Amino acid sequence: MTEHLNQSPIEIPQSFGAHVGLSLGQGLVLHLSKRISFPAVETLEQMQNRDEYRFLIGFKTVLVRREQR
């Protein structure tokens, strides 16, 4: 798309919107899947094998606080 001096054109990959998933532990992620049109649980590896989810920026895990008795 853009040429800079004698360099080859730089290819800019098609961008995807931000996507939020919830880490369930043991490599599982709960997310809203556009591909199957409803919430899904998939492994992180399965998700990252698809172009639209290949970049992981960060993640959060829900921690359960247990009451002390």
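The values are calculated or read from the model by the stated rules, or taken from the named source; none is laboratory data. Since the structure is predicted, the reported quantities are computational estimates derived from the model, not experimental observations. With ideal geometry, Cβ positions are generated from the backbone for all residues, glycine too; neighbour counts draw on all protein chains shown. Side chains included, ligands, DNA and RNA excluded: accessible areas come from the protein's heavy atoms. Shrake-Rupley method; radii C 1.70, N 1.55, O 1.52, S 1.80 Å.
Tell me, which residue of the range 32-67 that is basic (Lys, Arg) and under 11 Å from the mean Cα position of the chain (by Cα) is modelled with the lowest pLDDT? For the range 32-67, the residue satisfying everything is Arg54. Cβ-Cβ distances below 7 Å connect the following pairs, each with a first residue in the range 45-66 that is open to solvent by less than 100 Å² (accessible area, probe 1.4 Å), a second residue that is modelled with pLDDT of 75 or more and of a type in the set (Val, Ile, Thr), and a separation of six or more residues or different chains: Met47/Val29. Among the residues of the range 23-44, those that are surrounded by 11 or more Cβ atoms within 10 Å (Cβ to Cβ) and of a type in the set (A, V, I, L, M) comprise Leu24, Leu28, Val29, Leu30, Leu32, Ala40, Val41, Leu44.
Among the residues of the range 10-31, are any modelled with pLDDT under 85, within 14 Å of the chain's Cα centre (by Cα) and β-branched (Val, Ile, Thr)? Taking every residue of the range 10-31 in turn, at least one turns out to be modelled with pLDDT under 85, within 14 Å of the chain's Cα centre (by Cα) and β-branched (Val, Ile, Thr).
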